[in-house]
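A short reminder: the numbers here are calculations on the coordinates, not readings from a lab. The model shown is predicted, which means the values in this text are computed figures rather than measured ones. We place every Cβ from the backbone using ideal geometry, glycine too, and count neighbours over all the protein chains shown.
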Amino acid sequence: MARVTLEDCLKKEENRFVLMHLTTKRVRQLLKGSKPQVNTPENKEIVVALREIAAGKVVGKKKDLSLSDNADEREAAQAEVQVEAEAEVQVEAEAEVQAVAEVQAQAEAEE
């Protein structure tokens, strides 16, 4: 694949907003050291993430909140999505704090 386009990715994930969320999440994973799932030498993380999505190697979780007729089930599903989002933010914040602590420890060691 010479060039990856959003149209290639939209064949795998139809919702543009979900596609962008999935892409940014995968880019963060790559920046933290995850191994690429496609062979893309010397490409930036964003290009690698888009190529992985276009190749079908990276897919998002599908949660359909509109299928339930029961309001309690919809609320529970929405609460679950909210908890997952908050947990993801917490994990990212902890990783950032750990990275800062490591940099500070290296700076102190060099002094």
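A straight line joining the Cα centroids of the range 96-111 and the range 9-38 runs 29 Å. Whole-Hz Karplus values for the range 98-107 come out as 5, 5, 5, 4, 5, 5, 5, 5, 5, 5 Hz, taken residue by residue from phi with 6.51 cos²θ - 1.76 cosθ + 1.60 and θ = phi - 60°; glycine and proline positions read x. Using θ = phi - 60° in the Karplus curve 6.51 cos²θ - 1.76 cosθ + 1.60, the 3J(HN,Hα) couplings for the range 45-60 round to 4, 5, 5, 4, 4, 5, 5, 5, 5, 4, 7, x, 7, 10, 10, x Hz; x is entered for Gly and Pro.
Computed from backbone phi with θ = phi - 60° and the Karplus coefficients 6.51, -1.76 and 1.60, the 3J(HN,Hα) list for the range 17-29 is 5, 5, 4, 5, 5, 4, 5, 5, 5, 5, 4, 4, 4 Hz; x is used for glycine and proline.
Placing a pseudo-label 7 Å from each Cα along the Cα-to-Cβ vector at Gln106 and Lys11 gives an inter-label distance of 4.1 nm.
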